[in-house]
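Written below as structure tokens is the structure these notes are about.
The values are calculated or read from the model by the stated rules, or taken from the named source; none is laboratory data. As the structure is a prediction and not an experimental result, all values here were calculated from the model. In this analysis, Cβ positions are derived from the backbone assuming ideal geometry, glycine residues included, and neighbour counts consider all displayed protein chains. Note: accessible area is taken over every heavy atom of the protein model, side chains too, but ligands, DNA and RNA are not part of it. Shrake-Rupley method; radii C 1.70, N 1.55, O 1.52, S 1.80 Å.
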Amino acid sequence: MKLGPLLFCLATQEAFESVQRRHPNVTLTAYLDDVTIVGSTDAEVTSAADDLTRTCAALGIEPNYAKCRFFTAGDRARRAIVDGTVACATGAEKILGSFFSPNESAADDEKRAVTERITSSVFWKRLREMEMRCHVRYQLLRVCGLPRMQFAMRTHEYAIVCDAAHWTDRQVEEILCAMLRKRKLSERAMRQARLPIKKGGLGLRSQLALATFAHECTLLSKGAQKERTAQLDAQVLSSLLSAASAPETNALLAASATGASKPLSDVECALSDEAWRLYVQVRLNTRVSDDGMKCCCGQDATNAHVFSCTHLAKAKIARHDAVVRSVARCLKQFGLDSSVEPSSAVEGNKSRPDLMCATYVTDLTIANPLGDAVRYEPLMAAHRAEDVKNRKWADWAEARGLAFSPLVFEATGGHTQATKRWLNAAAGLGQAMFARPGETGTSALLAECIKTLHTGNLMLFANALGY
């Protein structure tokens, strides 16, 4: 019954308040049927407990003595509350989800209890062993696995939860390596993975690092933990960039670009396991091919080289065409007619825009954000490619009364605002004609483009490595 807790509170509130009024020297705190009485002396607490038992008995409520505990300083045993026997707590006991100890020597018991509760959970075993898609396992790891430490960190000091937090970090790394089929990830790759998604990471923050301030922040102002967490993220990002090579910097900036994180956060953009592994390895600048493996051109098959290799032109054209077709396919689902490389658009010229829908025309390019030249901001490669497309087609489209905007994606999934505007305008036509929400249509178009792009990257690497 959903109203059960509320009705219980209404029925018992006056009883609890009357006991508190009669015993002003103790503090009585109740959360539903969990009651805690705190006082300065044994006699005060015992007297209040006796009174509470008698008052609740009039309501037909009796205490469960098996679950009651008497906490007192030192090692003295305490008994006899009314007719039942209340055991004296000699070690760590859980009250409202948090562990308390009657003496300092029980801190080790509390630490063992917290660690055992975290490490004995069947969740981690099932996350490792159950058959599931990579993107599903990742979401469970991020959304369900890491939060298991949050309550413990907020309610216990660092010394109590440090072992459990370290164990959790180790599980995260091992599961991520297993998903990527890597024996081990570099320290740099794991630090990047612990960054927030929007900063180029995987959102798998170190629980050990958070534990150093989580408990303290609960005693401070509201938002203190969020502020300290932001500071931690900034420190990790700064340390990564300060020691990064040009390819590492470019990979990190590309990973933080708008749209580059869609396969991590959008269920519409769920990738196959193979494409997901490739996507994450490129995102973390972890080499996809084995060390020493050569590209089909004979060069070392680094991630940056594969994306820029001129010998893979056919594979890149196939990837480009697949993305164009995916846009046309989505527009058709919206009930809109579109033309791929319309021959009627440019008279007497072999060069044609990639796609036309009503009065909207676009030309697609996929820019390479990786390489040896240092880029100083996300989407720099995309903006340069966008400028080239605008110089080529903007005047031509304006002279014919057409609205032109280039579709520009980076090979890692980032896209420009102009790209989203064109897709939004095209989806808006579907909204006007069929009352389909425009933003939902835009999201579907973007998801399909980015999913097709990453599938194309998989074929690109397969061609480069001869798979």
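Assorted remarks:
- Leading residue by the ranking (farthest from A275 (Cα to Cα)) among those in region 285-299 that are surrounded by 15 or more Cβ atoms within 10 Å (Cβ to Cβ) and within 34 Å of the chain's Cα centre (by Cα): C295
- In region 397-424, of all residues being touching a Leu at 6+ places or on another chain (Cβ under 8 Å) and part of a helix (DSSP H, G or I), the one that is most open to solvent (accessible area, probe 1.4 Å) corresponds to K420.
- Matching residues, region 256-289, being aliphatic (A, V, I, L, M) and either at positive phi or in a loop (DSSP other than H, G, I, E, B) (or both): A257, A260, A270, L271, L284, V288
- In region 12-26, the residues that are open to solvent by 60 Å² or more (accessible area, probe 1.4 Å) and under 42 Å from the mean Cα position of the chain (by Cα): Q13
- Residues that are among the β-branched types (V, I, T) and farther than 17 Å from R69 by Cβ were ranked within region 32-57; the one that is modelled with the lowest pLDDT is T41.
- Evaluating C330 against the criteria (1) under 23 Å from the mean Cα position of the chain (by Cα); (2) part of a helix (DSSP H, G or I) leaves one unmet condition, (1).
- Taken together, T455, T440 contain a single residue that is surrounded by fewer than 21 Cβ atoms within 10 Å (Cβ to Cβ), at pLDDT 80 or above and not acidic (D, E), which is T455.
- Test: residue in region 261-273 that is closer than 24 Å to T302 by Cβ, modelled with pLDDT of 95 or more and charged (D, E, K, R): yes
- Scanning region 171-193 for residues that are open to solvent by less than 60 Å² (accessible area, probe 1.4 Å), in contact (Cβ under 8 Å) with a residue 12 or more places away in the chain and either closer than 17 Å to V282 by Cβ or among the aliphatic types (A, V, I, L, M) (or both) yields V172, I175, L176, M179, L180, K182, L185, R188, A189, M190, Q192, A193.
- In region 37-68, residue farthest from T27 (Cα to Cα) [restricted to those that are small (G, A, S) and open to solvent by less than 40 Å² (accessible area, probe 1.4 Å)]: A49
Matching residues to (1) at pLDDT below 95; (2) in a loop (DSSP other than H, G, I, E, B); (3) open to solvent by 10 Å² or more (accessible area, probe 1.4 Å); (4) closer than 25 Å to H135 by Cα:
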residue	(1), (2), (3), (4)
A209	no, no, yes, no
L220	yes, yes, yes, no
L241	yes, no, yes, no
A254	yes, no, no, yes
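- Considering region 339-371, and only residues there that are over 30 Å from T249 (Cα atoms) and among the β-branched types (V, I, T), the residue that is modelled with the lowest pLDDT turns out to be V346.
- The residues of region 123-134 that are open to solvent by 40 Å² or more (accessible area, probe 1.4 Å) and over 22 Å from R112 (Cβ atoms), listed by number, are R126, R128, E129, M130, E131, M132, R133.
- Residue that is least open to solvent (accessible area, probe 1.4 Å) [pool: residues in region 153-170 that are in contact with a strand residue (DSSP E or B) (Cβ under 9 Å, 6 or more places away or on another chain) and part of a helix (DSSP H, G or I)]: I160
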